[in-house]
1. Against the definition (modelled with pLDDT of 95 or more, in contact with a Gly (Cβ under 7 Å, 6 or more places away or on another chain) and under 18 Å from residue 139 (Cβ atoms)), how does residue 32 come out, yes or no?
2. Out of the residues in the range 1-45 that are touching a strand residue (DSSP E or B) at 6+ places or on another chain (Cβ under 9 Å) and of a type in the set (Ser, Thr, Tyr), which is most open to solvent (accessible area, probe 1.4 Å)?
3. For the range 116-153, which positions are of a type in the set (Lys, Arg) and over 30 Å from residue 41 (Cβ atoms)?
4. Can you tell me which residue within the range 11-50, out of those that are under 13 Å from the mean Cα position of the chain (by Cα) and among the hydrophobic types (A, V, I, L, M, F, W, C), is farthest from residue 122 (Cα to Cα)?
5. What strands (runs of 3 or more DSSP E) completely inside the range 46-127 contain at least 2 residues that are open to solvent by 20 Å² or more (accessible area, probe 1.4 Å), aliphatic (A, V, I, L, M) and closer than 21 Å to residue 3 by Cβ?
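The values are calculated or read from the model by the stated rules, or taken from the named source; none is laboratory data. Note that the structure is a prediction, hence the values are computed from the model and not measured. Cβ: placed from backbone, ideal geometry, glycine included. Neighbour counts: every protein chain shown. Side chains included, ligands, DNA and RNA excluded: accessible areas come from the protein's heavy atoms. Shrake-Rupley method; radii C 1.70, N 1.55, O 1.52, S 1.80 Å.
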Amino acid sequence: MLAPIPPFTLETAIEKVRKAEDGWNSRDPQRVSLAYTVDCRWRNRAEFPTGREQIVEFLTRKWNREHEYRLIKELWAFAGNRIAVRFAYEYRDDSSQWYRAYGNENWEFNEEGVMRLRYASINDLRISPDERMFHWPLGRRPDDHPGLSDLGL
């Protein structure tokens, strides 16, 4: 079981979103993959990983090219065993070009609270270093750091 479990309340949906954000900010593909069922299906841009092994491969490639990755997720909606989030993350590539990626995700969980479906739509925007908004040390976003709505994103 991966608490919280469905059906979600406002409080448990917010908790689930923050736990997902914390996992992704760890940039640890193995750790992140444990939040998904062994046969989980994803849509992430033009890639369609299925299962934990492919999720680990995908995340390993992702974080090998997205340096200094920092992510904020925010609850958008929830019902039953589904949660919708919006997110933004910042990273730089090998040439030191910074980006802010914006997106939406739709999640569906099994009865144990493990995600079985993840559909993500993402757009990247080139930004200059002085346009960055996510400056906390790599890892978990501090509790007192503003969220997306607070930042006007």
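1. Numbers: modelled with pLDDT of 95 or more: yes; in contact with a Gly (Cβ under 7 Å, 6 or more places away or on another chain): yes; under 18 Å from residue 139 (Cβ atoms): yes.
Spelling it out, residue 32 is indeed modelled with pLDDT of 95 or more, in contact with a Gly (Cβ under 7 Å, 6 or more places away or on another chain) and under 18 Å from residue 139 (Cβ atoms).
2. The extreme case among them is 9.
3. Correct list: 126, 132.
4. Applying the filter and picking the extreme gives 35.
5. 67-79
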